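The values are calculated or read from the model by the stated rules, or taken from the named source; none is laboratory data. Computed from a predicted model, the values in this text were never measured in an experiment. Virtual Cβ from ideal backbone geometry, glycine too; neighbours counted across all protein chains shown. Please note that ligands, DNA and RNA were not included when accessible areas were found on the heavy atoms of the full protein model with its side chains. Shrake-Rupley method; radii C 1.70, N 1.55, O 1.52, S 1.80 Å.
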Number of protein chains: 2
Amino acid sequence: MDRQYSSDLFERAVDELAKLPGVGRKSALRLVLHTLRMDVEAVDRLAGAIRSLRHDVRYCKVCHNISEDEVCEICRSNNRDHSTICVVENIQDVMAIEATNQYNGLYHVLGGVISPMDGVGPGDLNINSLVERTEGGRVSEVILALSSTMEGDTTNYFISRKLAKTEGLRLTVLARGMSVNDELQYTDEMTLGRSIVNRVEYR
Amino acid sequence: MDRQYSSDLFERAVDELAKLPGVGRKSALRLVLHTLRMDVEAVDRLAGAIRSLRHDVRYCKVCHNISEDEVCEICRSNNRDHSTICVVENIQDVMAIEATNQYNGLYHVLGGVISPMDGVGPGDLNINSLVERTEGGRVSEVILALSSTMEGDTTNYFISRKLAKTEGLRLTVLARGMSVNDELQYTDEMTLGRSIVNRVEYR
């Protein structure tokens, strides 16, 4: 036996699964053994869902979020506030904000943040299409909802410069401060400092 | 938005992945997002490996281990000791023993252990084919390598009764005792008791 497992099919499935993030060879092996016990139909559904996700997925041509059609449900919705655009890094962020049920505007997915270290420049991001969306006077507010990192801050600054020419546009960022339920003594000093500086009226 | 994600394809892939053991919805979401960034070819390889594992897998007609052919590599090998059969519960156990590099005989995969609680009787296991393999006088030893549980012990007993008629057959079980590197004070008393009773010469 010069191979670890006695079947090429088996080994190939373990190899492919082990390439996924967070799946080691032990987990891959467990998944493969599970697959062997699954109904053929269930396995076909799983493999089909993975394949068609990648093959058939589309991105909204307006906001670049994933979509089933040319323009996504959010951008098409009449129940949403089309005067507000929330700029996020990726589609996870759209999901995270949607999950709060606190936002009813539109989105704009940049596809990353400016990061010279990773070779990501402004030209690699969906910034021009954002600028275009703010032209015409229909948009009154752009919320910059990027990560609170150097790359996020750089991207915020770049976008704010790009949008500076757009008249009557309000540019906002997410509030920073202590998390809800955070204990003060365990909050890092940067966050605590910002929370003090940006304190709000007690209602 | 009455759905959690803005794409049916997306939701379907998350649903299917979340059904796998050890994969929650958060992990499934992470895998789906990763899949979206993968090369189309890599996604096809992954989906294809899963599909063909289930569709094309075969089991050795001699030992019931997974195999690419009618008879597996181990059973076909001339470098292995065909007079010894190690009886195990499942294919993971074959892999575990192969990984030790300490065993050079053949295997017999039962496909489970007798467990009335789970509705598994002797007839559900590959016991008759084991008995057949020991007939003809070619096999001199059967190693019972089942779990050290009540179900494993019951199965051992059942098999030992079935093989009692086979003349000249040595029936052995795996040694039980403290694990290598185990500290004595943390070893459970059953195991420690067996280790004392079955003590061996200090070499």
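Less than 5 angstrom separates the built amide H of A:R58 from those of A:S67, all sequence-distant by 5 or more or on a different chain. What does a probe at B:S160 reach in segment B:174-191, counting residues whose amide N is under 17 Å from the point 7 Å along Cα→Cβ? Under cut-off, by backbone N: B:174-177. Cross-link partners of B:K26 among lysines, defined as those whose alpha carbon lies under 21 angstrom from its own and excluding same-chain residues fewer than eight positions apart: A:K19, A:K26.
Taking Cα atoms only, the orientation of helix B:40-56 departs from the longest principal axis of chain B by about 40 degrees.
Would you mind giving the three semi-axes, in whole Å and largest first, of the ellipsoid equivalent to chain A according to its Cα gyration tensor?
Working: eigenvalues 329, 116, 62 Å².
That gives 41, 24, 18 Å for the three semi-axes.
The angle between the Cα long axis of helix B:8-18 and the main principal axis of chain B comes to about 20°, on a 0 to 90 degree scale.
Between A:H55 and B:T187, the simple label model (points 7 Å from Cα in the Cβ direction) yields a spacing of 5.7 nm. Take A:V200, push a point 7 Å out from Cα through the beta-carbon direction, and compare it with the same point in every other copy: 7.1 nm, smallest first. With label points defined 7 Å past Cα in the direction of Cβ, position A:Y157 shows copy-to-copy spacings of 7.8 nm, given to one decimal and shortest first. Taking every Cα-Cα distance in the protein assembly as shown and sorting them into 20 Å bins starting at zero, the pair-distance distribution P(r) comes out as 20, 38, 25, 16, 2 percent. A 1.4 Å probe run over segment B:86-203, with the rest of the protein chains in place, finds 66 Å² accessible per residue. Under conditions of 25 °C and 0.890 mPa s, segment A:93-203 yields 153 µm² s⁻¹ as its translational diffusion coefficient, taking Rh as the Kirkwood radius over Cα pairs in the Stokes-Einstein equation.
Coordinate range of the alpha-carbon atoms in segment B:1-98 per principal axis, descending: 66, 27, 19 Å. Annotation: for a label point projected 7 angstrom from Cα along Cα→Cβ of A:N104, residues of segment A:52-83 with backbone N closer than 19 Å are A:73-83.
What is the calculated FRET efficiency for B:M38 to A:R37, with r their C-beta to C-beta distance and R₀ = 35 Å, to the nearest 0.05? Write out the running numbers ahead of the final one.
On the way: r = 26 Å, r/R0 = 0.75.
Computed FRET efficiency for B:M38 and A:R37: 0.85.
Using DSSP to call loops (not H, G, I, E or B), can you name the trypsin sites (Lys or Arg not before Pro) in segment A:147-194 whose Cβ has at most 10 other Cβ atoms within 10 angstrom?
On the way: sites: A:R161, A:K162, A:K165, A:R170, A:R176, A:R194; in loops: A:K165, A:R176.
Those satisfying the criteria are A:K165.
Label points for B:N101 are taken 7 Å from Cα along Cα→Cβ. From this copy to the others they lie 5.9 nm apart, shortest first. Springs join every pair of Cα atoms under 10 Å in this Gaussian network model of chain A, and among A:G112, A:G121, A:G152 the largest mean-square fluctuation is at A:G121. Over segment A:1-149, Cα pairs under 8 Å with separation of 6+ residues give a relative contact order of 17 percent. Measuring from each Cβ of chain A to the axis carrying A onto B, the nearest residue and its distance in whole Å come out as A:A47, 2. With a simple spin-label model that places each label point 7 Å from the Cα along the Cα-to-Cβ direction, the separation between A:Q92 and B:D69 comes to 4.7 nm.
Net charge near A:S52: determine it from the other residues with C-beta under 15 Å of the C-beta of A:S52, scoring Lys and Arg +1 and Asp and Glu -1.
On the way: positive: A:R45, A:R51, A:R54, A:R58, B:R12, B:R51; negative: A:D44, A:D56, A:E68, B:D8, B:E11, B:D15, B:E16, B:D44.
Value of the local net charge: -2.
Working note: Karplus 6.51/-1.76/1.60 with θ = phi - 60° gives segment A:138-154 the couplings 7, 8, 9, 9, 10, 9, 8, 10, 9, 5, 7, 10, 4, 5, x, 5, 4 Hz, where Gly and Pro are set to x. Rounded to the nearest 500, the helix-only mean residue ellipticity at 222 nm of chain A stands at -12500 deg cm²/dmol, with each DSSP H run of n ≥ 4 adding -39,500 (n - 2.57).
Near B:T166, within a Cβ-to-Cβ distance under 15 Å, what is the net charge of the other residues, with Lys and Arg +1 and Asp and Glu -1? Please report the intermediate quantities before stating the final value.
Working: positive: B:R133, B:R138, B:R161, B:K162, B:K165, B:R170; negative: B:E132, B:E135, B:E141, B:E167.
Cβ neighbours under 15 Å give a net charge of +2.
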